[in-house]
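The values are calculated or read from the model by the stated rules, or taken from the named source; none is laboratory data. Keep in mind it's a predicted model, so treat the numbers as computed, not measured. Methodologically, a virtual Cβ is constructed for each residue, glycine included, from the backbone with ideal geometry; neighbour enumeration extends over all protein chains shown.
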Amino acid sequence: MLTHDEITQKITGLNREYLKRHHAKEILFWETKMGISKDYDAFNKAEGRLSEFSSDMARLKLCRELAAEPQADAKQKETLSGWIRFFEANVIEDPQAQALSARIVELESKLALARNNMKLGYVDPDSGEFVPGSSVALSLKISTADDERVREACFHGLESIETFVMKNGFLEIVKERNRLARMLGYGDYYDYKVSTTEGFGRTRLFELLDDLELRTRDALKRYMEDVRVKHGEQALKPWNFRHVTTGDAVKDIDPYMQFEDALLRWGRSFAALGITYEKAVLQLDLIDRAGKYSNGFCHAPTVTFEDSEGRVRGEVNFTSNAVPGQMGSGKRAAETLFHEGGHAAHFSNMLMGAPCFSQEFAPTSAALAETQSMFLDSLLSDADWLTRYAKDRNGKSIPWEVIEKTIRISQPAKAYFIRSLLMICYAEKALYSMPEADLTPENVMAAFIEVERRLGILERCPRPTLAVPHLLSGEASCIYHGYVLAQAGVEQTRRYFLDTYGYISDNPAVGPRLRDVYWRPGNSVTFVDFIQRMSGRPFSMDDLVNDASLTIEEAIEQARASVKKLESVPEFTGKVELDAVIKMVHGAEVIASTENSSFEEAAAKYCEWVKSLGK
Ligand SMILES: [Zn+2]
């Protein structure tokens, strides 16, 4: 039998050992991804040491024993139950399943390697020559190329990924994933993935998604009919659809969302919401450069908690690939700052008895994490936020006409957007529920195309299902529902604030409420319970459906009312105090920091530096 103090010591030992390994891995993650270091070997070793910890059966056993000790108090039991859930999400206890899991990882990396080396691109319709291009470049051309023949060629380029991965072992992986899931006692692999992250199984998930699908069907039909009437039958070709529907809203907003003001705009807006970072150190690397990872992300090298050795404050890094001067770069920088800055606030404000509650991987719900970041970046499309914060170089606010125009483009497309996320969920559901004998490339393609047509009406989705990288990787497969749940979580959260206060932007009650309800408990509560705690209502698709079903005129009416409401909302005029050390970096170079200066001074210094880049 252990004494209370001995249990405390064991917990602290576990906490500090995890923190050490997590920190070592994340520092190298950042340095290699930012191109500061090329020591991939050291990174792999550090990652190995962390996963050795996470998948350690002995530690799982220890936590179970400690939790059963008669001297363990309620707080210790709570902390230990967090550790038990953490290890249960990472340890595979059955040796046969362990071996199979290792085999799947091997097959996945073989496929990933083949896919990376795949000859990808399109055939130029004039010269007949092959033009190499990544999937990102091909997607971009499908939206932006003026020559329809080029767009079509790029679309076929994306389709070639599907044929390629089917030929290179994808279906083999699907079969093995299902075998593993069944070995662990789940219906299939999708069921396994949902059950281990969301706190409910596949059946419940698809009850929710079916409801959303049913209730967005009419809005989608209206939208498609509208596009057909406006742009003709040809617009519904998968390679034309995005081209005709994207419009030039970005161009209209650009003068009011300049890159160099992005930082100050973010700081003011978050400060006005009452958001603070609880003494965290934030490192922001926003601008693209050669050798830098080409996707934005937010990771926390130091995760927050408090134990017998004291409180550990956050250390959070985030990055984007902004190109100052490029059309739309200011808006994208704002999106990064609000989205990743939202993740960073979540990370910095968690406060439980162990780091297992505040790290971002399983059993942390991706849906919950994205609800935080997407809730905050949702403000950027609000008419009241735009009116108050989007200003041109002379300080003139964005005109109402521009706001109205963006609503006319974005409101009717909402149902299509939601359903294009749903497509991936339904396609993966069809894939993993297909009997093993039926898993042929022909059957899988037929099932995917059926889903694309049922959900999106077009003969094929402009982004062919199997060209979405998530389906291939072990970590990212069967998690797309997380984005859908998060969309619904965001709308339910917005509804709560709008019903309670009548407004969100510049409302100082928002930050403290997010901190107390969503952030403090880390991952100790399930996604649906979090949403219920915030809104006082069970989690549902209602608010998301209602928002997507608004007619253009209704959406414009709402926007107009929110701008009118600003008259009674005082503008934030104080100093930006986010209770954080914020370092603006560019690789290894620190451009500006709030360590020895105010936020405003650091933002001004960063702004000067950004301007100097263009010269
Ligand atoms: Zn995110």
Among (1) more than 15 Å from the ligand (Cβ to nearest atom); (2) assigned to a helix (DSSP H, G or I); (3) at pLDDT below 95, which single condition is Arg388 missing? (3)
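Yes/no matrix, rows are residues, columns are (1) buried (at least 21 other Cβ atoms within 10 Å of the Cβ); (2) outside the structural domain of Phe347 (by TED's automatic domain parsing); (3) within 22 Å of Asp542 (Cβ to Cβ):
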site: Phe375; (1), (2), (3): yes, no, yes
site: Arg393; (1), (2), (3): no, no, no
site: Val402; (1), (2), (3): no, no, no
site: Ser433; (1), (2), (3): no, yes, no
site: Asp438; (1), (2), (3): no, yes, no
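Restricting attention to strands (runs of 3 or more DSSP E) lying wholly within region 268-384, give those where 1 or more residues are small (Gly, Ala, Ser) and within 16 Å of the ligand (Cβ to nearest atom). Before you say what the answer is, go through the steps one by one.
On the way: elements: 280-287, 297-302, 305-307, 310-312, 315-322.
It comes to 297-302, 315-322.
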Counting residues that are over 16 Å from Arg495 (Cα atoms) and over 23 Å from the mean Cα position of the chain (by Cα), which helices (runs of 4 or more DSSP H) fully inside region 518-594 reach at least 1? 552-565
Pick from Ser81, Ser135, Ser127: which is under 30 Å from the mean Cα position of the chain (by Cα), more than 24 Å from His23 (Cα to Cα) and small (Gly, Ala, Ser)? Ser135
Answer yes or no as to whether Val610 is surrounded by 15 or more Cβ atoms within 10 Å (Cβ to Cβ), at pLDDT below 95 and either in the same structural domain as Ala383 (by TED's automatic domain parsing) or in a helix (DSSP H, G or I) (or both). yes
Return yes or no: is Leu380 over 30 Å from Lys565 (Cβ atoms) and either out of contact with any strand residue (DSSP E or B) (no Cβ under 7 Å at 6 or more places or on another chain) or touching a residue at least 24 places away in the same chain (Cβ under 8 Å) (or both)? no
State all residues of region 306-325 that are small (Gly, Ala, Ser) and under 28 Å from Leu80 (Cα atoms); if no residue qualifies, say none. Ser308, Gly310, Gly314
Which condition breaks for Arg453 when tested against (1) assigned to a loop (DSSP other than H, G, I, E, B); (2) without any contact (Cβ under 8 Å) to a residue 24 or more places away in the chain? (1)
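Take Tyr483 and tell me if it is in contact (Cβ under 8 Å) with a residue 24 or more places away in the chain and surrounded by fewer than 22 Cβ atoms within 10 Å (Cβ to Cβ). Quick ask: steps written out before the conclusion?
Details: in contact (Cβ under 8 Å) with a residue 24 or more places away in the chain: yes; surrounded by fewer than 22 Cβ atoms within 10 Å (Cβ to Cβ): yes.
So Tyr483 fits the description; yes.
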Any idea which of (1) in a helix (DSSP H, G or I); (2) buried (at least 17 other Cβ atoms within 10 Å of the Cβ); (3) not assigned by TED's automatic domain parsing to the domain that holds Leu180 is the one Ser51 doesn't satisfy? (2)
Any chance you could count how many residues in region 140-184 are at pLDDT below 95 and of a type in the set (Gly, Ala, Ser)? 2
